[in-house]
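In what follows, a single structure is set out as structure tokens and then discussed.
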Amino acid sequence: MSAKPKLAFFSFASCEGCQLQVINCEDELVALLGAVEIVNFREAIDERRDDYDIAFVEGSITRPEDEHEVKEIRERAKILVAFGACATIGGINAIKNFQPQEKVSQYVYGDQAATFPSYPARPVHDLVKVDLKLHGCPISKSEFLEACKCLLAGKQFTVPNYPVCVTCKLAENVCLYQKGMTCLGVVTRAGCDPMCPTFGNKCIGCRGLIDHPNVNAAFDVLEDLGLTLEEVTKDFTMFDGCHKEITEKK
Amino acid sequence: MATTAKKSVNVNVRYVTRVEGHGNIVVNVKNGKLEKCELDIVEAPRFFESMLLGRRWDEASLITSRICGICAVGHASASVLATEDAMGIKVSEQTERLRRLNVYGETIQSHVLHVYFLAAPDLLGVGSVVPLVQTHPDVVKRALKLKKLANDMCGIISGRKVHPISMTPGGFTRIPTAAEILYIKERILDCVGDVVATVDLVAALAGKLPNFTRETEYEALYCPDEYALYRGTKLITTDGAECSNRDYKKIVKEKVVGHSSSKHVSNKRSSIMVGALARFNNNWKQLHPKALEAAAKLGLKAPCTNTFYNNVAQVVETVHSAYKALEVCDELLAAGLKDETPEVQVKAGRGVGLTEVPRGLLVHDYTYDDRGVITDANLIIPTGQNLANIEDDFRKFVPEVLDRSQEEITLGLEMLVRAYDPCISCSVHMLDVKFVG
Ligand code: SF4
Ligand code: SF4
Ligand code: SF4
């Protein structure tokens, strides 16, 4: 990449909160705009060009017309980043995957349901090759900036493959199970600081499952609590509805 | 006029930029006659009402905040209000204050984003905020400073602006410390000059706003104690209609239209408007004196029927929110921050939560069974309520500007859509048809 690398942002079924997190990098935004050229970002700029190097794709794929668009983006981009839980794991959109789609549509649109076709939410990697995943609902600003630095420098960017519990203990939080709550931190991928337990609320699994939970889960925490892996993962329905193991269990 | 009588115009904007979500403008004029005039909502539907079915009371606000990144605190507010209404949960004065502070934060964040990033580029003749980094660095710096203040306010109070973590039915799962509230107060004081400069900037640019007026019905939440944002006691309109929160359907009447994955809303007229201008037109007397001063400086007077002045009303509300937030910080500090745990007794019943998010009235309406599981849900989003009004505006606006070039007409229409600050991904949801089976 000779001149300034060109970035583009796209969104499918999403709340656009992950794009908003980019604009929320108030301290770094001006420097970022100096280092890259943003050629497509509908939420914030008019310009629309197709000559991008790195495409950030937010949102889940839920319609046939989205498939065509995401494939086009894949063809044009040198690097495709799945941006946020909707894109990496289906995220909140996948809750509807547990219900029959006709019922979902009818509940919302009544007898007009057929006008708005939609199918169960799919993560971006289900349709095209994804080079990098930025997890979370929303993405973490610091991870986004770190990933940009790595991409610009041609370095490898890696995300943690240990559970939230590890960072939660480092933060010296009282475990929520001690307060009679449940928490998905035992099997959820770390990297969020850990936001939710620090603010007194349960981890709801927005960063998705760690790879191989049966090897990598926080077994010490589970053991202390007398819980099994199965008992914890059955609650993984808010963000990770696309996960094969979970959908199959249903 | 003779030249426009035979004029044909074809406006087809695919994905209006600098708005949240995907919308297309389609306007056709043939031989001087307006044939088609639509804002097509092409956003992928997300079916949130259905997603709420079968979920527990403590998950609802976490799920619904994900409807929209920009109004996440507003969705969480309406959601906890609905759940608390359904289960008869009372919250403490401290909780009320913290929630109001959070809402002031989100209002400032959203209005600053809209005025500086999305609307101002039109008035300065550029396509985005990016060129302004070079030409108007102070303006960009100020916008980012105000945005950061607002985000940090919400961050301290509820963990994150996108998406709040500790706001829950009954209160908060973490109470900020007095030192944190003091820090917010100091940060706001440090930004007062920037708020004033924002008023001056917009006052200087307001002359460039198109002179377009159309009388419509303006709808807002009303609260006897204050200019209603976080909550209110009834719904009112400038046509004199009013109803209780639970009877919102008496004013907010929804219908599905084919070209939009978001339903349209109206009352007695063909359309209704919500948002900053609608709140101002209904409740301006309750604004903070500093906000009233700003309104005078900006030439905003109720009733204002120029849609483009919605941006101006947003600036007035930014001033209001900053000064009210200072008051709330002082109240919290005077009372001292107490550790409280949310108390919830799960109960069956229906509850309605109404709140004013930056773009207007938001409705969450849930029914719970006796296990605290949602069995029915209806959500009405501000942009959905404004869609019919936007199209009515198009119908009056296009004939008035037919003598201009196609590019100018297109830009005018895009600016008109942006004036509403539409939040299209939010609005994509639907009806309260009964769930069968
Ligand atoms: S991952 Fe979360 S924050 Fe990001 S777009 Fe999806 S719902 Fe919004
Ligand atoms: S289970 Fe949750 S609260 Fe407990 S240590 Fe793990 S992340 Fe922290
Ligand atoms: S604690 Fe869990 S739910 Fe919260 S941000 Fe981290 S991964 Fe997401």
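The values are calculated or read from the model by the stated rules, or taken from the named source; none is laboratory data. Every value quoted in this text rests on a predicted model; they were computed, and no experiment measured them. No Cβ is skipped: glycine too gets one built from the backbone with ideal geometry, and neighbour counts run over all protein chains shown.
Brief remarks follow.
- Hits in region A:159-175 - residues which are surrounded by fewer than 24 Cβ atoms within 10 Å (Cβ to Cβ), over 18 Å from A:T228 (Cβ atoms) and within 9 Å of ligand 2 (Cβ to nearest atom): A:V166, A:T167, A:K169, A:A171, A:N173, A:V174
- Output for region B:102-142, where each listed residue is among the aliphatic types (A, V, I, L, M) and more than 11 Å from every other protein chain (Cβ to nearest Cβ): B:V103, B:I108, B:V115, B:A119, B:A120, B:L123, B:L124, B:V139
- Within region B:358-392, considering residues that are of a type in the set (D, E) and more than 19 Å from the chain's Cα centre (by Cα), the one surrounded by the most Cβ atoms within 10 Å (Cβ to Cβ): B:D392
- The residues listed here are B:T355, B:T410; of these, the one that is within 23 Å of B:N24 (Cα to Cα), buried (at least 18 other Cβ atoms within 10 Å of the Cβ) and assigned by TED's automatic domain parsing to the domain that holds B:S266 is B:T410.
- Leading residue by the ranking (surrounded by the most Cβ atoms within 10 Å (Cβ to Cβ)) among those in region B:170-224 that are among the polar types (S, T, N, Q) and closer than 24 Å to B:I157 by Cα: B:T173
- The residue pairs whose first member lies in region A:56-75 and is within 11 Å of chain B (Cβ to nearest Cβ) and of a type outside the set (A, V, I, L, M, F, W, C), whose second member is surrounded by fewer than 24 Cβ atoms within 10 Å (Cβ to Cβ) and in a helix (DSSP H, G or I), and whose beta carbons are closer than 9 Å, counting only pairs six or more residues apart or on different chains, are A:G59/A:D66; A:S60/A:D66.
- Residue under evaluation B:L123, criteria (1) under 13 Å from the mean Cα position of the chain (by Cα); (2) farther than 30 Å from A:N97 by Cα, criterion not met: (1)
- Close pairs (9 angstrom Cβ cut-off, 6 or more residues apart or separate chains): away from every other protein chain (no Cβ under 14 Å) and on the phi > 0 side of the Ramachandran plot in region A:200-224, more than 14 Å from ligand 3 (Cβ to nearest atom) and assigned to a loop (DSSP other than H, G, I, E, B) anywhere: A:G208/A:H243
- Considering region A:177-193, the residues that are modelled with pLDDT of 90 or more and small (G, A, S) include one that is nearest to ligand 2 (Cβ to nearest atom), namely A:G185.
- Against the numbered list (1) aliphatic (A, V, I, L, M); (2) assigned to a helix (DSSP H, G or I); (3) crowded, with 19+ Cβ neighbours inside 10 Å, A:A82 comes up short only at (2).
- Selection within region A:178-192 - within 11 Å of ligand 3 (Cβ to nearest atom), of a type in the set (A, V, I, L, M) and within 14 Å of chain B (Cβ to nearest Cβ): A:L184
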